[in-house]
There are 2 protein chains.
Amino acid sequence: MPGVGSLLNVTHQVLVVDDDPTVSDVVRRYLEQDGCRVRLAADGLSALAAVDAERPDLVVLDLMLGGLNGLEVCRRLRAGQPGLPVIMLTALGEESDRVLGLEVGADDYVTKPFSPRELALRVRSVLRRTTPAVEPGGGLLRDGELVADTGRRTAELNGRALALTVREFDLLEFLMRHPARAWSRADLLDRVWGWQFGDQSTVTVHVRRLREKIETDPGTPARLLTVWGVGYRYEPAGHA
Amino acid sequence: MPGVGSLLNVTHQVLVVDDDPTVSDVVRRYLEQDGCRVRLAADGLSALAAVDAERPDLVVLDLMLGGLNGLEVCRRLRAGQPGLPVIMLTALGEESDRVLGLEVGADDYVTKPFSPRELALRVRSVLRRTTPAVEPGGGLLRDGELVADTGRRTAELNGRALALTVREFDLLEFLMRHPARAWSRADLLDRVWGWQFGDQSTVTVHVRRLREKIETDPGTPARLLTVWGVGYRYEPAGHA
DNA sequence: TCGCGACGTCCGCACTTCGTAAGATCCTGA
DNA sequence: TCAGGATCTTACGAAGTGCGGACGTCGCGA
């Protein structure tokens with residue numbers, strides 16, 4: 001049981017489309033354990049809406065859907081966002097389904113009944129393949145004397161390397177990518193941890209730990225500020 | 001299964017011939033993720049023209065084509081450029097098609113429905129088979145006192161030859177080609193071993209064995225670093 | 001046939017990291 | 001000023017993670 005931590009520097013968002021709550025629930029748990037943020041949709045129309053609103057990195061799509069047919073959904077997805085990877089859940093051994101699925105442009109398929117573990121592996125595999133290895137900006141996030149290298153997963157302050165843990169780095173990366181904006185603990189729990197629910201004090205503690213490392217005086221933070229009653233906000237300290 | 005690393009710096013060009021845009025689109029994405037440049041053609045005539053104009057390294061050819069028959073296209077390709085590898089997409093289970101395909105000289109065939117992942121793997125393997133190991137830079141990877149010769153597949157440290165096994169060399173080559181970036185074990189398993197899934201401890205062990213040979217003190221590695229909770233990263237130690 | 005090296009897997013140990021709980025402290029509005 | 005809630009701080013146990021050692025298998029050459 002690998003149970004690997006977040007494998008990529010950014011938490012991916014996956015949309016799971018299935019009208020059976022039992023299935024989608026299990027799938028969600030597995031994917032979340034893998035460090036993905038997960039959204040659910042029960043039918044084709046809400047799936048299309050969710051894709052539009054949430055901009056997921058990947059869609060897991062059940063072929064057998066009430067209302068709009070899974071194939072039709074897939075086709076429209078492709079039309080709307082050509083690059084969006086789709087993994088299709090097909091009924092047991094329906095050869096014709098596979099043909100159709102792949103012709104409509106699914107990236108991979110998993111036949112029911114499937115082990116959620118296998119699905120999770122496929123998702124990771126497709127994501128790994130889809131996510132470009134090199135980022136446009138070279139993966140460097142810079143704020144004055146604080147520099148985070150997302151490719152290397154290292155950070156340094158005043159030229160000295162910081163020993164950040166996985167979570168700390170993920171949190172810092174997210175905040176530096178979305179500066180000057182207040183985020184609630186629930187937001188951070190969702191976007192950084194990939195949890196839709198959970199103990200928010202987790203965020204509090206990690207912010208504390210991160211401050212300990214990136215702030216000169218953790219008591220009076222200069223970058224990672226508290227927004228009272230709301231959450232936190234990253235304020236670049238960098239001079240022009 | 002030798003490393004994929006060798007494919008990565010030389011960009012191969014692949015021509016995909018299929019009259020279904022949804023199929024060719026997915027295929028293109030996969031191949032591009034693998035570092036290939038991809039051209040598309042929708043029918044036999046434009047395929048022949050494209051081969052002439054673009055000089056691809058490989059052709060993926062759908063047997064069922066509007067206009068000119070796939071077999072005929074293949075035959076003409078062979079006539080025009082005997083060395084050009086062709087992977088043929090054949091319809092489901094049509095035994096006769098396979099026979100014909102191979103008789104016309106296809107290097108490999110994939111039956112529909114295929115997963116794009118599978119096709120990409122075949123393309124890799126065919127390219128690896130057919131592309132001679134000559135590289136522009138002489139195939140020398142240099143990092144200070146550590147030099148790897150990808151052509152003759154040897155490495156030396158401080159002028160002394162290293163006895164690297166196949167896997168060890170593949171791993172080293174991949175890492176030296178993609179330095180200063182954190183790779184998860186799953187990434188390495190995928191890109192060096194060519195496995196989608198599998199026991200990640202395999203990577204751990206090989207990293208250890210490689211360290212034993214390239215690091216002065218394997219206990220505190222200077223080049224092949226552990227990124228805690230993520231994986232590994234190759235950090236060039238080389239002075240100017 | 002035997003011996004050997006390469007390779008993948010497994011086990012146990014040491015260490016790190018994480019989430020949660022609990023108490024202290026701070027802020028806000030009445 | 002006071003009460004109530006939000007935030008901070010610390011500590012701890014559980015789970016995760018990496019590493020070294022060792023073992024079994026496979027393929028190859030002697």
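Since every read-out is calculated from the coordinates, none of them should be taken as a lab result. Since the model is a prediction, treat every value here as computed from it, not as a measurement. We place every Cβ from the backbone using ideal geometry, glycine too, and count neighbours over all the protein chains shown.
What to note about this one:
- Inter-copy spacing of B:PRO21 label points, which lie 7 Å from Cα along Cα→Cβ, given in nm from shortest upward: 4.0
- Note on A:ALA237 and A:ARG177: their simple-model spin labels are 2.3 nm apart, each label 7 Å out from Cα toward Cβ.
- The angle between the Cα long axis of helix A:95-104 and the main principal axis of chain A comes to about 50°, on a 0 to 90 degree scale.
- A label point on B:ARG75, set 7 Å along the Cα-to-Cβ line, lies at 3.5 nm from each of its counterparts in the other copies, closest listed first.
- 3J(HN,Hα) from dihedral phi, region B:45-53, Karplus parametrisation 6.51/-1.76/1.60, rounded to Hz, x for glycine, proline: 5, 5, 4, 4, 5, 5, 4, 5, 7
- Distance between the 7 Å Cα→Cβ label points at B:LEU45 and A:THR216: 7.3 nm.
- Considering only beta bridges that DSSP places wholly inside the protein assembly as shown, some 50 percent are antiparallel.
- For A:LEU68, distant residues with modelled amide H under 5 Å away: A:GLY44, A:LEU45
- With respect to chain A, whose longest principal axis is taken over its alpha-carbon atoms, helix A:166-177 is tilted by about 80°.
- Between A:ASP25 and B:ARG129, the modelled labels are 5.0 nm apart [label points 7 Å from Cα along Cα→Cβ].
- Across the identical copies, the label point of B:ARG177 (7 Å from Cα in the Cβ direction) is separated from its matches by 2.7 nm, in order from shortest.
- Kirkwood analysis of the Cα pair distances in chain A returns a hydrodynamic radius of 19.4 Å.
- 3J(HN,Hα) from dihedral phi, region A:13-22, Karplus parametrisation 6.51/-1.76/1.60, rounded to Hz, x for glycine, proline: 10, 10, 9, 9, 10, 7, 8, 9, x, 4
- Note on the protein assembly as shown: semi-axes of the ellipsoid equivalent to its C-alpha gyration tensor, largest first and rounded to whole Å, are 40, 32, 18.
- Debye intensity ratio in log₁₀ form over the Cα atoms of region A:13-130, taken at each q of 0.10, 0.17 Å⁻¹: -0.23, -0.73
- Measuring max minus min along each principal axis, the C-alpha atoms of region A:140-234 give extents of 36, 28, 20 Å (largest first).
- Working note: Karplus 6.51/-1.76/1.60 with θ = phi - 60° gives region A:209-221 the couplings 5, 5, 4, 3, 9, 9, 9, 5, 10, x, x, 10, x Hz, where Gly and Pro are set to x.
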